[in-house]
Every structure is written in structure tokens, then in C-alpha cells.
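The values are calculated or read from the model by the stated rules, or taken from the named source; none is laboratory data. Bear in mind that the values here come from a model prediction, so they are computed numbers and not experimental data. Cβ placement follows ideal geometry from the backbone for every residue including glycine, while neighbour counts extend to all protein chains displayed. To get the accessible areas, we keep the full protein, side chains included, count just its heavy atoms, and leave off ligands, DNA and RNA. Shrake-Rupley method; radii C 1.70, N 1.55, O 1.52, S 1.80 Å.
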Amino acid sequence: DSVNIGIPDWINNERFVEHNDYINQLESSLEIKIAYWCMNNSSTINQLNDLKVHVVFYSDLLLNPRKELQNILDVYNIQVSENKFNKIDYRKSSSTDFNKLFLEEPLSQLNKNFIELDNTTKEKIQKVFDHFEFKLYSAYSPLPQKQYFSKAISVHN
């Protein structure tokens, strides 16, 4: 399943050069995909703590959609009538659910991909996260480690 990944010939490819040896020693396509995601996104996410932002987590939208929507509206001082707020279908599946895999129960939806991974795979994923110093999520839980954003302007629990 291992594939030798080359360094793209484009500007700003320093991150590919820096991590090329590491990525080429990964064993599975899943590890490689996660490594590329981390390589392209973890530095931005790691800088969010230094910015004044409102962080919205998928898990919050899924587990407490009404509360999270209200938090977002409050941050931006947007008023919505209670009538409109009550008409929202908070459990509607995404239009991108092409395979119709959406689970109605929120916690089941959140966990559905984690239960398919064995511990060895999770360990390998965690090693990729550790390599890129990506701490917001763990390979062992779909929930973010919100304490990581302790300095961010607003993170609602």
C-alpha cells in the first residue's frame, strides 16, 4: 500500500521538501492522506490560538446544533426571530451525503468512522499527528481537545 510521493514542482513547496522522507516511509494510503492534510493545515490551525477568532467545531454543530448556532449569532450580534430559529431542521443531513450514510443519532454519526478503525491504525494516525505537532484532535476521539484553544477569543462548550 506504500507509495513513493515526489516533491511537487511548484512555488512554496518547502513543506513537501521538509516532510518528504517522513511521508515516503508511511505504510498506508490513509496515513499518507492524513500526513498531507496535516502538512497543509496544521500550521494554520496551530496559529488560530494567536488570532481573535470564533472557532466552530463540527462536533458542536452535530451534538448541539441549536446552541452552537445561537453562539455563532451571538458572536456576530445577529438577531434572528424565535419563529425562524424554531423552523430550522437541525437534524437534516448534508446535501453532500451522496451515499446516504448519515446517522440520525448525533453521537453515532460522530463516532461512525472511529469505530471502524482498529487500535493499530489509530496508533499510526496518532504518530502522524504527533509528527506534525497537530494537537487539536487525537486519533482516539472524534471530539476536539478544546483546551488547545484556551487563548482563542471564544470557544463555547
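Let's see how each residue does on (1) under 29 Å from ASN13 (Cβ atoms); (2) surrounded by 13 or more Cβ atoms within 10 Å (Cβ to Cβ); (3) without any contact (Cβ under 8 Å) to a residue 60 or more places away in the chain; (4) not β-branched (Val, Ile, Thr):
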| position | (1), (2), (3), (4) |
| --- | --- |
| MET39 | yes, yes, no, yes |
| ASN71 | no, yes, no, yes |
| ASP74 | no, yes, yes, yes |
| ILE125 | yes, yes, no, no |
| ALA139 | yes, yes, yes, yes |
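Here is a check on your reading of the model: is ILE72 modelled with pLDDT of 90 or more and touching a strand residue (DSSP E or B) at 6+ places or on another chain (Cβ under 8 Å)? The answer is yes for ILE72.
Of all residues in segment 21-34, those that are farther than 10 Å from LYS124 by Cα have Cβ atoms under 7 Å from Cβ atoms of residues that are in a helix (DSSP H, G or I) and small (Gly, Ala, Ser), 6 or more apart or on another chain, in ILE23/ALA35. Cβ-Cβ contacts under 8 Å between residues 6 or more apart (or on different chains), taken from a first residue in segment 53-68 that is free of Cβ contacts under 8 Å to residues at least 40 places away in the same chain to a second residue that is surrounded by fewer than 16 Cβ atoms within 10 Å (Cβ to Cβ) and not β-branched (Val, Ile, Thr), are listed as PRO65/TYR90; PRO65/ARG91; ARG66/PHE85; ARG66/TYR90.
Suppose we filter GLU68, GLU82, GLU104 for residues that are in contact with a Lys or Arg (Cβ under 8 Å, 6 or more places away or on another chain) and over 25 Å from MET39 (Cα atoms); which single one remains?
Working: GLU68 fails: in contact with a Lys or Arg (Cβ under 8 Å, 6 or more places away or on another chain); GLU82 fails: in contact with a Lys or Arg (Cβ under 8 Å, 6 or more places away or on another chain).
The conditions single out GLU104.
Can you name every residue in segment 90-110 that is within 12 Å of PRO65 (Cβ to Cβ), open to solvent by less than 100 Å² (accessible area, probe 1.4 Å) and not hydroxyl-bearing (Ser, Thr, Tyr)? Of everything in segment 90-110, those that are within 12 Å of PRO65 (Cβ to Cβ), open to solvent by less than 100 Å² (accessible area, probe 1.4 Å) and not hydroxyl-bearing (Ser, Thr, Tyr) turn out to be ARG91, PRO106, GLN109. Here ASN119 meets the list (1) touching a Phe, Trp or Tyr at 6+ places or on another chain (Cβ under 7 Å); (2) at pLDDT 95 or above; (3) more than 17 Å from LEU26 (Cβ to Cβ) almost entirely, failing just condition (1).
Scanning segment 41-52 for residues that are open to solvent by 80 Å² or more (accessible area, probe 1.4 Å) and without any contact (Cβ under 8 Å) to a residue 60 or more places away in the chain, which turns out nearest to PHE132 (Cα to Cα)? Give the derivation first.
Within segment 41-52, the first condition is being open to solvent by 80 Å² or more (accessible area, probe 1.4 Å), and the residues that meet it are 44, 47, 50-52.
Subsequent filtering for residues that are without any contact (Cβ under 8 Å) to a residue 60 or more places away in the chain retains 44, 47.
Numbers: THR44: 12, GLN47: 13 Å.
Only one residue fits best here, namely THR44.
Among the residues examined, ASP9 qualifies as at pLDDT below 80, on the phi < 0 side of the Ramachandran plot and among the charged types (D, E, K, R). Whether a residue is assigned to a helix (DSSP H, G or I) and either touching a Ser or Thr at 6+ places or on another chain (Cβ under 6 Å) or modelled with pLDDT of 85 or more (or both) was assessed, and LEU110 passes this test.
Please work out which residue is surrounded by the fewest Cβ atoms within 10 Å (Cβ to Cβ), limiting yourself to segment 127-137 and to residues that are in a loop (DSSP other than H, G, I, E, B), out of contact with any Phe, Trp or Tyr (no Cβ under 6 Å at 6 or more places or on another chain) and in contact (Cβ under 8 Å) with a residue 12 or more places away in the chain. Here the answer is GLU133.
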